[in-house]
1. Provide the net charge surrounding B:THR26, with neighbours chosen by a C-beta distance below 14 Å and charges set as Lys +1, Arg +1, Asp -1, Glu -1.
2. In what order do A:ASP80, A:ASP115 fall by count of nearby beta-carbon atoms within 10 Å, going from fewest to most?
3. Ordered by residue, what ³J(HN,Hα) values in Hz, to whole numbers, does the range B:47-64 give under the Karplus form 6.51 cos²θ - 1.76 cosθ + 1.60, where θ = phi - 60° and Gly and Pro are x?
4. Report the Rg/Rh value for the protein assembly as shown, based on alpha-carbon coordinates and the Kirkwood definition of Rh.
5. Can you list residues whose amide H is under 5 Å from A:GLY126's amide H, if they're 5+ apart or on another chain and H is modeled 1.01 Å from N?
6. Please report the orientation-averaged projected area of the range B:1-107, defined via the convex hull of its C-alpha atoms, in nm².
7. Taking neighbour counts of Cβ atoms within 10 Å as a proxy for exposure, in what order, fewest first, do B:MET10, A:MET130, A:MET105 appear?
8. Take the alpha carbon atoms of the range B:19-59, find their radius of gyration, then divide it by 2.2 N^0.38 Å using N residues; give the quotient.
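What follows is calculated from the coordinates using simple rules that are stated; it is not laboratory data. Please read these numbers as outputs of a predicted model, since none were measured by experiment. Here Cβ is always computed from backbone atoms with ideal geometry, including for glycine, and neighbour counts include all displayed protein chains.
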Amino acid sequence: MATVELRFSALPEHVRTARLVAAAVARRAGVDEAVLDEVRLAVGEACTRAVGLHQTGGISAPVKVLLIEEEKQFSIEVGDEAPHAVAGGDASGGGPDGEADEDEMGLAVISGLVDDVEVSAGEHGGLIKMTWPTTPPPTILV
Amino acid sequence: MDLSLSTETMGDRTIVRVGGEIDVYTAPKLREQLVELVNDGSFHLVVDMEGVDFLDSTGLGVLVGGLKRVRAHEGSLRLVCNQERILKIFRITGLTKVFPIHTSVEEAVAATD
């Protein structure tokens, strides 16, 4: 089960909330302080992309963010419910050129920032999973 | 934090001072400001980003859009930024080759192509 699960209406004003929550949970999970800016930016990019896909597709379902604390790592999954063109199918990027460009720029930023990232997409939606290593809290010596 | 915008004219340059967070929610306000300036005949813009706390790809898209608009009038769009976390986003997207980035407003205003 996710440590924290967040669902929000696909509106731009909620992306900031997702960034703040993700950064707070990442800090608590032990993600290095120096990397928190990257976590904030990457989750913002993934949520922005999901909001755009839902708005373009007229999808009323919320965007889902899972913040998962595991041993030695912290993962964030951002899921959308937009039907994506499956491989071999009709490659309909959807939306005008400008939107496609911003979508690609968002993914470029994520892949530039995060070493461990998986992007999957199917007929029922897409998922971006990003993982960062965590450092265990220092042992208190008595 | 929301987005704050103010403008100032220095010779033929217009300084746009931006503060706060530029993301999918606030970027349209910056876009409107840049479009308005170009429509009013300001074609040499200096965007001062020293007060920016957060910038994402939506913000980058707006800046690229602004650059396209001023270039259509043989103008220029220069950035002022010293913050490493903001500069990093320009680097990973290759946009450091697209925008002249200066360390101070004075340097940007004095610069010529």
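1. Details: positive: A:ARG16, A:ARG19, B:LYS29, B:ARG31; negative: A:GLU13, B:ASP2, B:GLU21, B:ASP23, B:GLU32, B:ASP53, B:ASP56.
Summing Lys/Arg as +1 and Asp/Glu as -1 gives -3.
2. Details: A:ASP80 27, A:ASP115 10.
Placing the least packed residue first, the sequence is A:ASP115, A:ASP80.
3. Per residue, the Karplus-derived 3J(HN,Hα) values read 9, 8, 9, 5, x, 7, 8, 8, 9, 10, 5, 5, x, 4, x, 5, 5, 4 Hz.
4. On the way: Rg = 19.6 Å, Rh = 19.4 Å.
Value, to two decimals: 1.01.
5. Amide H neighbours of A:GLY126: A:ASP80, A:GLU81, A:ALA82.
6. Values: hull surface 23.7 nm².
Reported value for the Cα convex hull: 5.9 nm².
7. Working: B:MET10 14, A:MET130 25, A:MET105 20.
The most exposed by this proxy come first: B:MET10, A:MET105, A:MET130.
8. Details: Rg = 10.8 Å, N = 41, 2.2 N^0.38 = 9.0 Å.
Compared with the compact-globule rule of thumb, the range B:19-59 sits at 1.20.
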